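Q: Pasting a structure here, questions to come.
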Amino acid sequence: MFWQLSGAGLVGLVAVWMAVVLAGTIRRVQGDARRRKLELAQLETELEMLRDVRRRRAAAPEPWSGIRKFVVKQRVAECDGICSFYLVPHDGRALPEFKPGQYLTFQLKVPGQPKLVTRCYSLSDAPRPDYYRISVKRVAPAVPREANPATGLGSGFFHDEVKEGDILDVKAPAGHFCLEASNERPLVLIGGGIGVTPVLSMVNALVRKNSEREIWFLYGLRNGSEHFQREHLRTLAKEKPNLRLHICYSQPQPADVSGRDFHHAGRVNTEFLKKILPSNNYDFLICGPGPMMEEVTKGLSEWGVPETAIFFEAFGPASVKRAARPADKPGEISKPGVGIEVTFAKSDRTIIWDGKTPTLLELAEQHGIPMDSGCRAGNCGTCVVAVKAGAVDYMAGHGASAEPGTCLACVCKPREKLVIDA
């Protein structure tokens, strides 16, 4: 009887154990099924998002080739010497989106000029579906005029001639000084003078997308009379806690109030950056006059900021000297007083370059050799010329692409005996 009861108890225990194991297995199977269902649902959601991106990309207008007609919908006087122009496509078709920081290239019919004048102006607002905006500062003509007869032609034309309703010839947005949306590293954005326009485009784009990136925005200018988009910037700083705005006046006037109109009296330089930034672990995007660019980029390098974290664009015909490449050997880069033979093949002229003339374009102009040019900053590509023999050095970064066997004459100089097709 005892053994019978013990056997029955053992069978019962085994049955209970098997029931527990079976229940656990069922729960695991059910849990695995739920997880697989959730994973499948998540995968389907991600696939649908990818399909939506593809549909939107397929439906999005592509950048156009050549010239497209734009109507000046609105002209707005911003501050002393700066005017914004809102451009809409004449054909009424949709606008392709651009990367914040890019520019438009214009072919202008300037009165009194024998040929079209090519100029590049940065887009100064975030990408929008219905208009592009550029903001142009009037540039005084060169004195003496012979120094650069083209100085001020483009900006003077916009300020004096361009009216609402006018039609302009425009090339598609271009340029490599851009804000990459996929990058989430903290940012320091620096704009000097009218060089603030591409930087402002970046700031506006980040704000429109509700980016949570840490953003430091430094704007350097002389005084309040030149303060572009003052109220807009003030509003952004109040509404966006992740945006830290620092306005620097180098020459504040009596009417400029510290704390209201500007935050710091002085120029934007690396010493100032060291005072306000918690570290140098940022991506730095900089646009402004040549001297400011050289000082800031050099200072950042000395501060230990890697070259891969410094992005810049010299505004207008200014240039920023580039450091010699590691492969350069002493004496390879030409210096003043060292003569290099430059042959302009089409013109059948050979000139000795002594290193004092900054660029190939200016060397040609000094000797009456015709060469097309536009922005004089390596952005519009108008001055591209074939290199038949020899090589050149670039003194500045450039937005336009120079294919192998060509060079951008406005931002380069001869490296060795040179023959170009001009």
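Q: Within the range 251-261, is even one residue closer than 16 Å to I190 by Cα and either over 20 Å from the mean Cα position of the chain (by Cα) or part of a loop (DSSP other than H, G, I, E, B) (or both)? Even if it seems obvious, please write down each step before you answer.
A: Filtering the range 251-261 for residues closer than 16 Å to I190 by Cα gives none.
No - not one qualifying residue is present in the range 251-261.
Q: Separate question: Of the residues in the range 66-121, how many are of a type in the set (F, W, Y) and touching a His at 6+ places or on another chain (Cβ under 9 Å)? Before you say what the answer is, go through the steps one by one.
A: Looking only at the range 66-121, we keep the residues that are of a type in the set (F, W, Y), and these are 70, 85-86, 98, 103, 106, 121.
Among the residues that remain, those that are also touching a His at 6+ places or on another chain (Cβ under 9 Å) are: 70.
Matching residues across the range 66-121 total 1.
Q: Can I ask one more? Which residue pairs have Cβ atoms under 6 Å apart, sit 6 or more places apart or on different chains, and have a first residue in the range 190-219 that is under 22 Å from E294 (Cβ atoms) and a second that is assigned to a helix (DSSP H, G or I) and open to solvent by less than 10 Å² (accessible area, probe 1.4 Å)?
A: Taking only residues 6 or more apart or on different chains, the pairs are G191/V199; F217/V203; Y219/V196.
Q: A further question on this structure: Here are the criteria: (1) over 21 Å from L123 (Cβ atoms); (2) within 24 Å of the chain's Cα centre (by Cα); (3) among the β-branched types (V, I, T). Tell me which single one I215 does not satisfy.
A: Status for I215: all satisfied but (1).
Q: Next question. Looking for whichever is at positive phi and crowded, with 22+ Cβ neighbours inside 10 Å here; the options are G378, G355. Which one fits?
A: Working: G355 fails: crowded, with 22+ Cβ neighbours inside 10 Å.
Testing whether each residue is at positive phi and crowded, with 22+ Cβ neighbours inside 10 Å leaves just G378.
Q: Now a separate question. Checking the structure you have, find out if any residue of the range 410-418 is open to solvent by 40 Å² or more (accessible area, probe 1.4 Å) and closer than 14 Å to A345 by Cβ.
A: Checked against the condition, which is being open to solvent by 40 Å² or more (accessible area, probe 1.4 Å) and closer than 14 Å to A345 by Cβ, the range 410-418 yields at least one hit.
Q: Same structure again: With the checklist (1) under 12 Å from the mean Cα position of the chain (by Cα); (2) over 24 Å from N269 (Cβ atoms); (3) assigned to a helix (DSSP H, G or I) in hand, flag the one item L206 doesn't pass.
A: Of the numbered conditions (1) under 12 Å from the mean Cα position of the chain (by Cα); (2) over 24 Å from N269 (Cβ atoms); (3) assigned to a helix (DSSP H, G or I), the odd one out for L206 is (1).
Q: Still on this structure: Take the residues of the range 153-187 that are hydrophobic (A, V, I, L, M, F, W, C) and within 16 Å of the chain's Cα centre (by Cα): which is most open to solvent (accessible area, probe 1.4 Å)?
A: Applying the first criterion (hydrophobic (A, V, I, L, M, F, W, C)) to the range 153-187 yields 153, 157-158, 162, 167-168, 170, 172, 174, 177-179, 181, 187.
Restricting the remaining residues to those that are within 16 Å of the chain's Cα centre (by Cα) gives 172, 174, 177-179, 181, 187.
Working: A172: 18, A174: 34, F177: 13, C178: 23, L179: 20, A181: 68, L187: 3 Å².
Restricting to residues being hydrophobic (A, V, I, L, M, F, W, C) and within 16 Å of the chain's Cα centre (by Cα), the top hit is A181.
Q: Would you mind stating whether A237 is of a type in the set (A, V, I, L, M, F, W, C) and free of Cβ contacts under 8 Å to residues at least 24 places away in the same chain? Before you say what the answer is, go through the steps one by one.
A: Details: of a type in the set (A, V, I, L, M, F, W, C): yes; free of Cβ contacts under 8 Å to residues at least 24 places away in the same chain: yes.
In short, yes.
The values are calculated or read from the model by the stated rules, or taken from the named source; none is laboratory data. Source: prediction; values computed, not measured. Here the Cβ is made from the backbone with ideal geometry for all residues, glycine too, and neighbour counts use every protein chain on show. In case anyone asks, the SASA skips ligands and DNA or RNA and just uses the protein heavy atoms, side chains included. Shrake-Rupley method; radii C 1.70, N 1.55, O 1.52, S 1.80 Å.
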